[in-house]
1. At 0.36 nm per residue, minus the direct Cα-Cα distance, what do B:Ser185 and B:Gln445 gain on full extension? Give it in nm, one decimal, please.
2. Between A:Asp63 and B:Lys708, what FRET efficiency comes out of the Förster formula 1/(1 + (r/R0)^6) with R0 = 41 Å and r the beta carbon distance, rounded to 0.05?
3. So what is the diffusion coefficient of chain A in µm² per second by Stokes-Einstein at 20 °C and 1.002 mPa s, using a Kirkwood Rh over Cα pairs?
4. What list of ³J(HN,Hα) values in whole Hz, one per residue of segment B:131-138 in order, does the Karplus curve 6.51 cos²θ - 1.76 cosθ + 1.60 (θ = phi - 60°) give from phi, with Gly and Pro shown as x?
5. Suppose R0 equals 25 Å. What FRET efficiency, 1/(1 + (r/R0)^6) with r the Cβ-Cβ distance, do B:Arg735 and B:Ala675 give to the nearest 0.05?
6. Quick one: P(r) of segment B:605-645 from all Cα-Cα pairs, 5 Å bins, percents rounded to integers, in order of increasing distance.
7. Please pull out the direction-averaged projected area of segment B:124-224, using the convex hull of its alpha-carbon atoms, in nm² to one decimal place.
8. Can you run the Rg to Rh ratio on chain B? Use alpha carbon positions and the Kirkwood inverse-distance Rh.
Amino acid sequence: MSFTVNGALHDPELDPDMPLLWVLREVLGLPGTKYGCGIGACGACTVHLNGEAVRACQVLAGDLDGAEIVTIEGLGTPEAPHPVQAAWIETQVAQCGYCQSGQIMQAAALLAATPAPTDAEIDEAMSGNLCRCGTYPRIRAAIRRAAHTAEG
Amino acid sequence: MSLRKFTRRAFLVGSAVIAGGVAFGVYTVRRDPENPLAEDLPEGAATFNPWVLIDAQKVTLIAPHADKGQGVMSVQAALLAEEMDLDWGGFEVSFGSPAKAYWNTALGDDSVPFRASDDSRLARVARGGADIAFKLLGMQVTGGSTTVPDSFDKLREAGAMARETLKAAAARRSGLAVADLGTESGAVLLPDGTRIPYTELAAEAAAITPVAAPALRDPSAWRLLGQPMQRLDIVEKSTGTARYGIDLAVEGMVHAAVRLSPHRGVVLSYDDSAARALPYVRQVLQIPGGLAVIADNSWHAMQGAEALEVEWAPAAYPPEQAGHWQRLADSFTEDALDRTWRNDGDVQAALPADAPAAEVLAAEYRSPYVAHAPLEPLSAIVRVDDAGVEIWSGHQMPREVQKAAARATGIEPEQVRFHNHLIGGSFGHRLEPEFISHASAIANQLRGTPVKLIYRREEDFATDFPRHIAMGRGRGAVRDGQVVALDLQIAAPSVTRSQMGRLGIPAAGPDNQIPAGAWNAPYAIPDFRVRAYAAEGLAPVSSWRAVGANGAGFILEGFLDELILQAGADPLAERIRLASDPVARGVLEAVGKMSGWDGVLPKGRGRGVALVESFGVPVAEVVEVTATEGGIRIDKVFVACDVGPVLDPVNFENLVQGGVVFGLGAAMNCEITYAGGAAEQTNFDSHEGMRLYQCPEIHVQSLGQAAKIRGIGEPPVPPTAPALANAIFAATGQRIRELPLYRHIDFA
Ligand code: FES
Ligand code: FES
């Protein structure tokens, strides 16, 4: 079984029942993807699987063969942030920041599919991602900023 | 020994005892605790005070207040950098080590039985006494919205001291007079334009006695403070590169998960055969209050913990939720009276017990237990060996981390090294040291091997010490369109005694968190009484963002709204008329303007207002809702508050908006209820808070009139629940007297 994470090929020995979240965090050493609930209720673990935003706590290692996974670390870097990350920085969204990897991955998937989302589309896409610090007004603003930047 | 005890008591009582005088020598009080940076100071490095460290390579600023999202790492650095003339980001920041030197100088303000606006001699003496007690205790704590008030002068003074000492070093080297030297961008500037970077001066400055008490810059000369600044952690937090306690790894560590008593008691019996049968489970260990499973990774450890079969001793509190409410209802007695906190006029005469029902309005209010549930679950890495204990985690009371580890391992607190880290939210959760004790107890059995413990989310909920439950009974009267009498009784467990008990600090005397937000309400109602009753035998509780003002503020502002409407008055105009201090009146008037209060809303929509003061900050909020077919939709929220000068307007707005979202979310749907002795809510599916689609527009204004600078982390939270309930009444005619509101009405 093999899969790619941020473009790199991996074929580790894995417990097939282990969620992708823990594979990323503790087997592959990518702790940017966060554990919040483990039951798909918070979105802190959101990553891209074959281009779609999924909850890494709900994807099992045994199902990863051939998967292409992108995590927050692969989306962009501090030196070269992805446009969504740049908008997040510019808007100063984060408080504790613990939810923001998931928020950004969810927003990046939304904007990839819907470059100029309506307010209703933003609400729809982002409401599975909990932010206990309550940064929602800035999350909305950052998504609009990123959409606007992309439009040029 | 007796001396120590007394000072501890004095601080905890937080009331009359302090005013009565605290017995300790002037010398002990005056002497400042030692600078922890001076221990093991490397050759060639300089430290002038506990907040600044300079060596040949870099300037390091120490930000001892823990950053759990409120942005205080940046604010503390900005206070130092402002006076030191450092470029923003031209330094490193460290959370420092636990030390008495970082005792919180602002805690005293809110721990005395005087209203924040009370500047009488007695009030000042009491605050001074509390302050001394906190100093002697070395209370290093991030909480009570005190980071800004604690740091505002102290860190600017520390920065100015560093700057002037570096100038003195440059003067020695150059032979010039200090008065001819300036500073800019981390360097001393000579009259001929030569720049000597601070890092080059470190070794010489280290040999100079630090310049004491230099003058502070006038705010008009500030370069950083008062301006929007980019938070120092914003890039890391937007790129997945920030490292929280849960993300750390230490060479050779094993992973642990725990099963702890959901009843807060002991294990009666257990069967670990299923857990041990799992191929990846290495060990099952007994620890106080539960069991731990050791495995090769966190997920496997969690699977092992779930596979344990445990029989727990029953809870010491009522097993069912109804029993908790019953205890509160039974607590309105003379015996349980904790204190009569306010007694203006003559309530007994205004509201006689035998008054005809038509003349007195009476109602009962309820505020539930609520979980902290920050998004980062509790975690810690601990290594115990012969040299001592080393801990990596995030905590609001670093010295309590040392003590907890010491208790769990039998090693002296001084031998515990604690590395504090970024915290993924807290809301008071990380004031509690239990998770440190558990991780330490595990590591103590595996000496030499570092242990990383992560709580399953379910464990985090089950073992949380929630926000305290409260019940309020109000009686009141109106006359000629005005509220003239209000008698409030509030029953709740003492959160201070519960929390301090777990820290091993004896607490006695009345707890101002039972009536907080009600007794200090800035209203001049002619006959106004607030009595607090301490309910015993309930679930252990802890400080939850804004603490007592959540429950008591909801009770007061809900019932006051009923009285105002009974009087036929306008909810905002009558509050303004009653407002007894200018700051409170100011925020009410401001929120009226912001919200266009006088404008008429169409049928099915409504506005509600509430004013609650906590930690010295009166906050007025207007919530606007629409009753839709799918339920109540919150459209807009307006917040007016006053903290004095705002140090970073962007972070300030973010924190206030976040407080509103947090408070409204809790008011809508968050509660902990007990069944069979355990919390019924185990994860975010049953304790959700607000989701993005429910988030209203939130407009924020701070008036900048208050005389004293304050913190804003907590005060926006308490007015949210009553303002929302009052708005729902305005929109629907349904008066809801119990939180969370979803028990009575649907939300869209
Ligand atoms: S951890 Fe996966 S959704 Fe919460
Ligand atoms: S920023 Fe803290 S949970 Fe979202």
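1. Gain in length upon complete extension: 88.5 nm.
2. The formula returns an efficiency of 0.10 here.
3. My calculation gives 138 µm²/s for D.
4. With coefficients 6.51, -1.76 and 1.60, one gets 4, 5, 4, 5, 5, 5, 6, x Hz.
5. Calculated transfer efficiency: 0.35.
6. Bins of 5 Å from zero give 6, 21, 23, 17, 13, 10, 6, 3, 1 percent of pairs.
7. 9.0
8. Reported Rg/Rh, Kirkwood definition of Rh: 0.98.
The values are calculated or read from the model by the stated rules, or taken from the named source; none is laboratory data. Just so it is clear, the model here is predicted, and its values are computed rather than measured. No Cβ is skipped: glycine too gets one built from the backbone with ideal geometry, and neighbour counts run over all protein chains shown. All accessible areas refer to the heavy atoms of the entire protein, side chains included, with ligands and DNA or RNA removed. Shrake-Rupley method; radii C 1.70, N 1.55, O 1.52, S 1.80 Å.
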